[in-house]
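Asker: Can you read through this structure? Questions will come right after.
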Amino acid sequence: MFVGHFFSPLPLYQQRKISPEAEQRRVEELMNRPSISPSLADERDFPSHVVLYTAEHDSFAKKMDSLRTKLKEDETINVFGRMVPRVGHGWDLIVQRDQAGYEEWNEACNVCAGIIFRK
């Protein structure tokens with residue numbers, strides 16, 4: 001879920017002089033694309049192995065937790081991951097040994113390596 005990366009801080013209608021209505025339609029279209037919001041995608045569009053670790057204090061965590069639950073119902077998809085308590089968005093990029101989320105980060109790395117290097 002990377003919606004924030006597709007929107008500039010200044011709306012297009014202020015940058016390019018398009019109408020606020022056109023800007024709203026553009027934003028809504030983007031937000032309804034599965035490539036922007038994976039929770040909107042059909043289960044058949046996911047690979048056979050999916051890893052979803054979510055951060056407790058991430059605004060997208062609930063949506064991704066719901067997606068993980070939905071994907072687990074599909075017997076053809078192996079779903080790994082869980083919610084990581086006491087961390088926020090980007091925790092996996094900054095976590096250090098003896099901090100909240102370190103054990104889960106290590107677990108996630110091992111899960112991913114296991115999938116990549118499975119025999």
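The values are calculated or read from the model by the stated rules, or taken from the named source; none is laboratory data. The structure displayed is predicted, hence computed values, not measured ones. Neighbour counts are summed over all protein chains in view; Cβ atoms, including those assigned to glycine, are modelled from backbone coordinates with ideal geometry. Note: areas computed on protein heavy atoms with side chains; ligands, DNA, RNA excluded. Shrake-Rupley method; radii C 1.70, N 1.55, O 1.52, S 1.80 Å.
Asker: Taking region 28-42, which residues are open to solvent by 60 Å² or more (accessible area, probe 1.4 Å) and either of a type in the set (Lys, Arg) or in contact with a Pro (Cβ under 7 Å, 6 or more places away or on another chain) (or both)? Even if it seems obvious, please write down each step before you answer.
Answerer: The first filter runs over region 28-42 and keeps only residues open to solvent by 60 Å² or more (accessible area, probe 1.4 Å), leaving 28-29, 31-35, 40.
Residues satisfying the conditions are 33, 40.
Asker: Look through region 5-27, keep the residues that are under 18 Å from the mean Cα position of the chain (by Cα) and open to solvent by 60 Å² or more (accessible area, probe 1.4 Å), and return whichever of them is modelled with the lowest pLDDT.
Answerer: Top of the filtered list is 5.
Asker: Is it true that residue 52 is within 11 Å of the chain's Cα centre (by Cα) and closer than 30 Å to residue 107 by Cβ?
Answerer: Numbers: within 11 Å of the chain's Cα centre (by Cα): yes; closer than 30 Å to residue 107 by Cβ: yes.
So residue 52 passes the test.
Asker: Still on this structure, I have one more. Output the number of the condition that residue 117 fails; it satisfies all remaining conditions of (1) of a type in the set (Phe, Trp, Tyr); (2) touching a residue at least 12 places away in the same chain (Cβ under 8 Å); (3) open to solvent by 60 Å² or more (accessible area, probe 1.4 Å).
Answerer: Unmet condition: (2).
Asker: Hey, another quick one. Counting just the residues of region 85-106 that are charged (D, E, K, R) and without any contact (Cβ under 8 Å) to a residue 40 or more places away in the chain, which one comes out nearest to residue 44 (Cα to Cα)?
Answerer: If we filter region 85-106 for residues that are charged (D, E, K, R), which is where we start, we get 86, 92, 97-98, 103-104.
Narrowing further to those that are without any contact (Cβ under 8 Å) to a residue 40 or more places away in the chain: 86, 92, 97-98, 103.
Working: 86: 32, 92: 28, 97: 38, 98: 39, 103: 31 Å.
For region 85-106, the residue satisfying everything is 92.
Asker: Would you check which residues across region 61-84 are small (Gly, Ala, Ser) and either touching a residue at least 24 places away in the same chain (Cβ under 8 Å) or touching a helix residue (DSSP H, G or I) at 6+ places or on another chain (Cβ under 8 Å) (or both) and list them?
Answerer: Our first condition is that a residue be small (Gly, Ala, Ser); within region 61-84, this holds for 61, 66, 81.
If the condition is that a residue be small (Gly, Ala, Ser) and either touching a residue at least 24 places away in the same chain (Cβ under 8 Å) or touching a helix residue (DSSP H, G or I) at 6+ places or on another chain (Cβ under 8 Å) (or both), then 66, 81 are the ones that fit.
Each row is one residue, and each column tells you yes or no for (1) open to solvent by less than 70 Å² (accessible area, probe 1.4 Å); (2) at pLDDT below 90; (3) at positive phi.
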site: 44; (1), (2), (3): no, yes, no
site: 61; (1), (2), (3): yes, no, no
site: 69; (1), (2), (3): no, no, no
site: 78; (1), (2), (3): no, no, no
site: 89; (1), (2), (3): no, no, no
site: 105; (1), (2), (3): no, no, no
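Asker: Restricting the search to region 91-100, which residues are under 17 Å from the mean Cα position of the chain (by Cα) and open to solvent by less than 100 Å² (accessible area, probe 1.4 Å)?
Answerer: Here is the first cut: in region 91-100, the ones under 17 Å from the mean Cα position of the chain (by Cα) are 91-93.
91, 92 - these are the residues of region 91-100 that are under 17 Å from the mean Cα position of the chain (by Cα) and open to solvent by less than 100 Å² (accessible area, probe 1.4 Å).
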